[in-house]
Amino acid sequence: WGNNRHFSKRSNYKSPACSGADAGQANSRSEDNEVKARRFNRLTDMFIKPQEAADNFGLMPGMIVADFGSGSGYYTIAAARLVGPSGIVYSIDVQKDLLAAVKSAAELNHLSNVEVVWADLEKEKGSHLASASVDFVVVSNILFQAENRSAVAKEAFRILKERGKTAGEEIKKVWKNC
């Protein structure tokens, strides 16, 4: 994972996710979680197609997955569909409001195999998961925010089973025209 701390503070790009009727809702802290979950289903595929990406992760029914810095749950929901009811997906984030939205999205999508975990991944054993307990770890767009990236990576590898795998993704630009 390289150094991706260089971000554009100005851009003429206006994200479709931040335009129109959704713009006010996207920035509202009082928005209820069901509305967030419904918008999640509508907007998920705008920039990244998490279901397509997850389809390439090699996830199988019954696997245990950890989604580090799950945010709104793009990969959590995609992985939960693939591992099925016999698997588990841990949606791990430090932001409680995002975890509540993930829980609502999972319920809206009838996915009972999603467990939300409030955690600081930069701390030792920060995920609260047992060592060597996870088949697959997704690390998506959190390293640019982390002060201690190596701690996040160490935590991912600590919880992986012996033949476990990871997938990582980081964006290089952030658009703030919303």
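Listed by first and then second residue, the pairs linking a residue in segment 104-125 that is closer than 17 Å to Glu155 by Cα to a residue that is aromatic (Phe, Trp, Tyr) and open to solvent by 20 Å² or more (accessible area, probe 1.4 Å), with Cβ atoms under 6 Å apart and 6 or more places separating them unless they lie on different chains, are Val117/Tyr90. Taken together, the residues in segment 126-172 that are in contact with a helix residue (DSSP H, G or I) (Cβ under 7 Å, 6 or more places away or on another chain) and closer than 12 Å to Phe68 by Cβ amount to 12. Annotation: Val94 fulfils all but one of (1) touching a residue at least 40 places away in the same chain (Cβ under 8 Å); (2) over 23 Å from Met60 (Cα atoms); the unmet one is (1).
Selection within segment 49-71: residues that are outside any loop (DSSP other than H, G, I, E, B) and either out of contact with any strand residue (DSSP E or B) (no Cβ under 9 Å at 6 or more places or on another chain) or over 17 Å from Arg163 (Cα atoms) (or both). The member of this set that is most open to solvent (accessible area, probe 1.4 Å) is Glu52.
The values are calculated or read from the model by the stated rules, or taken from the named source; none is laboratory data. In this text the structure is predicted, and so the values were computed from the model without any measurement. Every residue, glycine as well, gets a Cβ built from its backbone with ideal geometry; the counts of neighbours run over all protein chains shown. Heads up: the accessible areas ignore ligands, DNA and RNA and are worked out on the full protein's heavy atoms, side chains in. Shrake-Rupley method; radii C 1.70, N 1.55, O 1.52, S 1.80 Å.
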